[in-house]
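Undergrad: Here it is, the structure, as structure tokens.
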Amino acid sequence: MINANRKSASKLFVVAIAMFGFGYALVPLYDLLCDITGLNGKSDTVTQQQQPVDFTVDESRTITVEFVTNLNQGMAWDFKPEIAKMQVHPGKAYQTSFFVNNKTMRSMVGQAVPSVAPYAAANHFIKTECFCFTDQLLEAGETMEMPVVFLINPALPEHVKTVTLSYTYFDVSNTADNKMINLKTI
Amino acid sequence: MSTTTADEHHDDHHPSGIMRWITTTNHKDIGTLYLWFSFIMFFIGGFMALIIRTELFEPGMQFVDPQFFNSMTTMHAIVMIFGVVMPAFTGLANWLIPLMIGATDMALPRMNNWSFWILPFAFAMMLSTLFMDGGGPAGGWTLYPPLVLQTGDAFPFVIFAIHFMGMSSIMGAINVVATILNMRAPGMTLMKMPLFVWTWLITAYLLIAVMPVLAGGVTMLLTDKFFETSFFNAAGGGDPVLFQHIFWFFGHPEVYILILPSFGVISSIIPTFARKPLFGYSSMVYATASIAFLSFIVWAHHMFTVGMPLAGELFFMLATMLIAVPTGVKVFNWVCTMWRGAMTFETPMLFAIAFIILFTIGGFSGLMLAITPADFQYHDTYFVVAHFHYVLVPGSIFAIIAAVYYWLPKWTGHMYSEFWGKTHFWLSTIFVNITFFPMHFVGLAGMPRRIPDYALQFSDYNQIATIGAFGFGFAQIIFLGLVIATIRGGVKATDRVWEGAEGLEWTLSSPPPYHSFTTPPNVKGEWNWFTHQHYETVKTRS
């Protein structure tokens, strides 16, 4: 009886420890799910090198792209888009700029995190050049113009007429040996 | 607290006084400790609820500052969930499971002692955070980042307290499973076990499966805050919504952890006072198992508004609604048990019937919340508060109170006062509805939860709710007095206590000997839930 109890208990402890691990396994599983579904507006990572070959430009469709800027709590920078929105044709690359100004008296490192809405558009919004691929070091008072080059995959679902690209700037001055942060999935 | 009489044969080397309780490995002692711990925490958590209701008596800011108000809502939830309902059920499990399956004690008595004694330390740590720099945790019991990461000095203490609570309940659950699987009396097959044992077996599996996930989630919060990880920090490539998924992967099974043992309690009480065997025993077992299974695939209904693909919303909506089917099976079985029964209405039966009605109301508002498009209006309003208080207060808490009335004569050897029991019942039932029913209306009208102030038009219903809360709170003092009085004395209880009671625990004396079933009872053959004859059979055999 005592042996049977010990056996049951140790088996169950193993289950408990495995479930602790499962909690951590949810992290990559969640990222995978987000990649597949475009959940949370995490858009495709496409750098210059892996730029997709010639999408045919679809002149018949016009999509409105809106640019939204946010600052995370405690982030004392000014952050604005060059223009609030633009009309684009799927398949064609466009360039726009964002301006950022470090209003503080010290140098700071910022990291912009993009998000695309609606979700259906997230996997079809391709940034070939973006300041969000790296973080930015700004001296006190410094202003920077940052270009973004993007195109919309013509496979964008028919019902999507407006795509919103939103950036949130985070203060990462004090994190990660700064401290180049490698963003894998943005 | 002398619920057990000293037994000369076994007590020769047993410490007395306080050391008896600290070193005890006896399932009855540990059950008593759990129940008293839960009872004390019930008054602490209740006091916090009254602070919340006092502030909400009138619109505007009256008594407490918003930060403290928020830490009251957070602490009230943590205390009531981890400090009251879960320990109370573990206490009932300790007292009753060995008696119900004819075992001498729990399978792992030393670990049993541990799992209880961790709890007072965990809660001392949790409650002490209220006095720390920056106050207690105030971001809600769901601990969503990034808000919760703004907690002051209290933060690591909160996390470690949750770790300890988790360890305690995992150890308790492992003990329950080992006891049920290995220590049943000869002839007690799984499908002959009382439903309280069945529901606890399933609950224990749920606990073992999800408490470690919560532990993992809060550990990630801790490393995000202090060790520069970025699980939930978007700047580092993480995602705060991930925490909500992890939390509710734990959180939804958790709500069934809080209710399944009550189903077992109600399934014990209703047949006794209806003097009929439980209707649909095996369907009850399967319904419990189905609810437990479904609880793992519905978690995202807590977070419809964070944004989800349409397919996800449909899936979680439909899976959630599916839970109503096994729950409905249970409710209909209880009603069918009472149908044409020779019913009497002693206090435990009154609480059990109130449970069925009021829990069902809470279940229906849960179904309303499951409807994704409607949920966008209900989300984070007092409608949600009304819903989960209906399933937890006249649900879980009423079931625990019913269980205490039902088994108290067995534990103490004395009958409680039926007059005060009924007084307690009627006051509780009336005031619980006065407290929580108006919350449905203010919630539908748009009053948000966890906010210390509200728009003027919500005043009337909030004042009614506050009056109800104080009434309910004071009614529980009657309960405390009644329990103490019953422990101290009263009419001697018979062994069977209730005319229609069935099960092995009623074959023992009241109170049962300190060490019971040292020779296992034989329940081979005749035991049958459908003939309702087994009490006499077992009694004559053992």
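The values are calculated or read from the model by the stated rules, or taken from the named source; none is laboratory data. Remember, predicted model here, so these are calculated numbers, not experimental data. Backbone-built Cβ (ideal geometry, glycine too); neighbour counts: all protein chains shown. All accessible areas refer to the heavy atoms of the entire protein, side chains included, with ligands and DNA or RNA removed. Shrake-Rupley method; radii C 1.70, N 1.55, O 1.52, S 1.80 Å.
Undergrad: Roughly how big is the A-B contact, given as buried accessible area in Å² (both sides, 1.4 Å probe, nearest 100)? Numbers along the way, then the final one.
TA: Values: alone 10950 and 20640 Å², together 28810 Å².
Result for this pair: about 2800 Å² buried.
Undergrad: Turning to a different aspect of this structure: From the residues B:472, B:386, B:326, which one has its Cα farthest along the dipole of chain B in the positive direction, the dipole being from +1 and -1 charges on Cβ of Lys/Arg and Asp/Glu about the Cα centre?
TA: Result: B:326.
Undergrad: Among B:99, B:127, B:87, whose Cα lies farthest out toward the positive end of the dipole of the range B:25-134, if unit charges sit on the beta carbon of Lys, Arg (+1) and Asp, Glu (-1)?
TA: Of the options given, the answer is B:99.
Undergrad: Quick one: ranking A:66, A:82 by accessible area, 1.4 Å probe, largest first, what do you get?
TA: Descending accessible area places them as A:82, A:66.
Undergrad: Can you give me the C-alpha center-to-center distance between the range B:429-482 and the range B:58-104, rounded to a whole angstrom?
TA: One Cα centre to the other: 18 Å.
Undergrad: What are the trypsin sites (Lys or Arg not before Pro) within the range A:93-175 that DSSP puts in a loop, where the Cβ has at most 16 other Cβ atoms within 10 Å?
TA: Those that pass, being in a loop and sparsely packed, are A:103, A:106, A:161.
Undergrad: Could you tell me the largest-minus-smallest coordinate of the C-alpha atoms of the range B:18-541 on each of the three principal axes, in descending order and whole angstroms?
TA: Rounded to whole Å, the extents work out to 70, 50, 48 Å.
Undergrad: Taking the 0 to 90 degree range and rounding to the nearest ten, how far is the long axis of helix B:154-182 tilted relative to the main principal axis of chain B, both from C-alpha atoms?
TA: 30 degrees
Undergrad: To continue, here is another question. For a quick protection proxy, order the peptides B:434-442, B:80-88 by their average other-Cβ count within 10 Å, most packed first.
TA: Highest to lowest by the protection proxy: B:80-88, B:434-442.
Undergrad: Roughly speaking, to the nearest percent, how much of the protein assembly as shown's 1.4 Å accessible area is carbon and sulfur? List each step's numbers first, then the result.
TA: Numbers: 19190 of 28810 Å².
Accessible surface attributable to carbon and sulfur in the protein assembly as shown totals 67 percent.
Undergrad: Keeping all protein chains in place, calculate the accessible area per residue for the range A:43-178 (probe 1.4 angstrom), answer in Å².
TA: Counting only protein heavy atoms, the per-residue value for the range A:43-178 is 47 Å².
Undergrad: What residues of the range B:244-291 lose no less than 20 Å² of accessible area with every protein chain in place versus their chain by itself (probe 1.4 Å, heavy atoms only)?
TA: Residues shielded by partner chains are B:245, B:246, B:249.
Undergrad: Measure off 7 Å from each Cα along the Cα-to-Cβ vector at residue B:455 and residue A:24, then give the distance between these two points in nanometres to one decimal.
TA: Going from the residue B:455 label point to the residue A:24 one covers 4.8 nm.
Undergrad: Still on this structure, I have one more. Run the quick spin-label model on residue B:423 and residue B:63: label points 7 Å from Cα toward the beta carbon, then report their separation in nm to one decimal.
TA: For residue B:423 paired with residue B:63, the spin-label model returns 2.5 nm.
Undergrad: Percent relative contact order of the range B:18-541, based on C-alpha pairs within less than 8 angstrom and at least six residues apart?
TA: 18 percent
Undergrad: Roughly how many debye, to the nearest 20, is the charge dipole of the protein assembly as shown about its Cα centre, given +1 on each Lys and Arg Cβ, -1 on each Asp and Glu Cβ, and no other charges?
TA: Computed about the Cα centre, the dipole is about 2200 debye.
Undergrad: Working from Cα positions, state the angle (0 to 90°, nearest 10) between the long axis of helix B:324-338 and the longest principal axis of chain B.
TA: 40 degrees
Undergrad: A follow-up question, please. Compute the accessible area of each residue in the range B:126-175 twice, once for its chain alone and once with every protein chain present, using a 1.4 Å probe on heavy atoms, and list those whose area falls by at least 40 Å².
TA: B:174
Undergrad: Let me ask another. Select from the range A:5-25 all residues whose loss of accessible area on going from the chain by itself to the full protein assembly reaches 10 Å² or more (probe 1.4 Å).
TA: A:5, A:8, A:9, A:12, A:13, A:15, A:16, A:19, A:20, A:22, A:23, A:24
Undergrad: Would you be so kind as to identify which of B:156, B:202, B:296 lies farthest towards the positive end of the dipole of the range B:18-541, taking Lys and Arg as +1 and Asp and Glu as -1 on Cβ and the Cα centre as origin?
TA: It is B:202.
Undergrad: I would also like to ask the following. To the nearest 10 Å², what's residue B:245's accessible area with a 1.4 Å probe?
TA: It works out to around 30 Å².
Undergrad: Give the average, rounded to an integer, of partner chain Cβ atoms located within 10 angstrom of each Cβ in B:203-212.
TA: 3
Undergrad: Sticking with this structure for a sec: On average, how much accessible surface per residue is there in chain B, in Å², for a 1.4 Å probe, leaving out ligands, DNA and RNA?
TA: 36 Å²
Undergrad: Where the convex hull is taken over the Cα atoms of the protein assembly as shown, what is its projected area averaged over directions, in nm²?
TA: Its Cα hull, projected and averaged over all orientations, spans 35.0 nm².
Undergrad: Ranked highest first by average number of other Cβ atoms within 10 Å, how do B:269-275, A:19-25, A:89-95 line up?
TA: Details: B:269-275: 23.9, A:19-25: 17.3, A:89-95: 15.6.
Top of the packing list down: B:269-275, A:19-25, A:89-95.
Undergrad: Can you compute the charge dipole magnitude of chain B about its Cα centre, using +1 on each Lys and Arg Cβ and -1 on each Asp and Glu Cβ, nothing else charged? Give it in debye, rounded to the nearest 20.
TA: 1320 debye
Undergrad: Once R0 is set to 51 Å, what does the formula 1/(1 + (r/R0)^6) return for the Cβ-Cβ distance between residue A:107 and residue B:321, expressed as a FRET efficiency to the nearest 0.05?
TA: Between residue A:107 and residue B:321 the formula returns 0.40.
Undergrad: Taking all protein chains together and a probe of 1.4 Å, list B:58, B:228, B:418, B:502 from the most accessible to the least accessible.
TA: B:228, B:58, B:418, B:502
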